[in-house]
1. Taking Cα centroids, how far is region 123-155 from region 218-280 in Å?
2. With a Förster radius of 35 Å, plug the Cβ-Cβ distance of ASN288 and ASN94 into 1/(1 + (r/R0)^6) and report the FRET value to the nearest 0.05.
3. Just rank THR179, THR267, fewest to most, by other beta-carbon atoms within 10 angstrom.
4. Go ahead and run the numbers for FRET between ALA325 and HIS86, Cβ-Cβ distance against an R0 of 30 Å, rounding to 0.05.
5. Considering just Cα atoms, how many Å³ per residue does the convex hull of region 88-167 enclose?
6. Evaluate the Debye formula for region 172-279 with equal point scatterers sitting on the alpha carbons, no solvent, and hand back log10 of I(q)/I(0) at q = 0.15, 0.22 Å⁻¹, in q order, two decimals.
7. Test of understanding: ordering VAL249, VAL205, VAL291 by Cβ neighbours within 10 Å, fewest first, what list do you get?
8. Can you give me the Kirkwood hydrodynamic radius for region 245-355, using every pair of distinct Cα atoms, in Å to one decimal?
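Quick note: the coordinates plus some simple rules give every number you see, no bench work behind them. Worth saying up front: this structure is predicted, and the values here are computed from it rather than measured. Glycine also receives a Cβ, built like all others from the backbone with ideal geometry; neighbour counts cover every protein chain displayed.
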Amino acid sequence: MDWEKLLCSERLGDKHYEPKPNRSIFVQDHDRIVFSAPFRRLANKTQVQPLYEHDHVHHRLIHSIEVSSVGRSLAMRIGNWLEQTHRIDNGESNSLANIVQAACVAHDIGNPPFGHSGEAAIGDWFAEKFFDAKGLMADIEEQHRFEFIKFEGNAQGFRIVTRLEMYRNEGGMRLSKATLGAFTKYPVTAAVRESIVGKGVAPYVGLKKFGVFNSELELLNEAADSLGLPQEIHQAGNWWLRHPLVFIVEAADDICYNIVDLEDAFTTGELPFDTVKGLLHEAANNPNRDVSSLSKAEHIALLRALSIGAAIESCVEAFKTNYEAIMAGTFSDSLTEAGPMASIFAKMKSLSRDQVFTARRKTELEVSGRRVISNVMSGVLPVFEDLAKAKWDQDKLSDHNRQLVRALDLDLRNVTDAEQALHALADFTSGMTDRYAVRIARILTGI
């Protein structure tokens, strides 16, 4: 892969846009994302800890801002090294940092309410409906059902930034192709991934999940072509190798959620002080500082900051060591797992998996959130079924369904077939905040 192409500043949907001399197009990307409604709604979406019960734990908006900060620092360090070794032109380290910051701030923009359990809830609802397919469900081709029954926030995020937000169906936010490349962790559709991987182990890191719906495949194809991403040919369809900056965006996310989840778990009382302190002290390279004047919370915050700094160093080293493989598209690991701190990150993941993700409060959220999402989708589906019977003419909806459309502010634009209808249903549900989802579920069930 070639950096000149990888840093392509051409906008999706606006090839003739000329950036202003005093403002980088990649900075504009960041600003468009930050000022968007989907980004703003992240403030009321669960990260790991349930919302409402504690004001000092992370929600998805704060997490996204922190990831963008770490990503910018990582990219600047790596960009400086690339300049010093004459792999990119002088000054391009700023472009790397701006691209990664924009991609990082958008990385969770497609995630539904109630954390990752929300993704599973949406997928399971679709799976149940497809099991005994009737009406709209029966009209979806078998190979395209995977993108619904394995609903993926990454693909929903790509849909938001390239189609739904701002210039609807005309490039969406019209982000630069470099930012779209850095955003797309999984450059493959659900159908192609399923054909390659099935229930086995993904042969490449970019195939662990899928990151684009069939409806946005041509948009990804356009971006990938401009960026010079290597294309892999498969009988079920083509897919692409990752943009090198994806690994930096992914590392920033890994650093933040692994380290900050521990701090949140201490804040909520799910992990004791000594456990969190011990692991973060090791991650921070065992600093010898006088902490006698600090409270326990301040001590953990200090260790969290030092740990993030050490993790950035570790990931920079991993990028340097694996640079040739990353550029060739053969690197199939994460920077956190390939760096000097790999064993510490493994301990963090193990601790979170065993004691944080199974905590009672989080389990209660997942159970109630699943029911909320099911109630919302079951309550809204009849609108789309009625729309299909009306030959996709909104004016011919029943009085009750027209009332529902007004009450819920359902967006039925461009819904002219079953696939678009189910995507519109998923757009509506996944776009909700936790609070709004609970409110709409109550309206639809009359409880």
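1. So the two Cα centres are separated by 26 Å.
2. Efficiency for this residue pair is about 0.45.
3. So the residues, fewest neighbours to most, are THR267, THR179.
4. Using R0 = 30 Å, I get an efficiency of 0.95.
5. 141 Å³
6. The computed values of log10 I(q)/I(0) come out as -0.71, -1.11.
7. Details: VAL249 29, VAL205 18, VAL291 13.
The most exposed by this proxy come first: VAL291, VAL205, VAL249.
8. 14.5 Å
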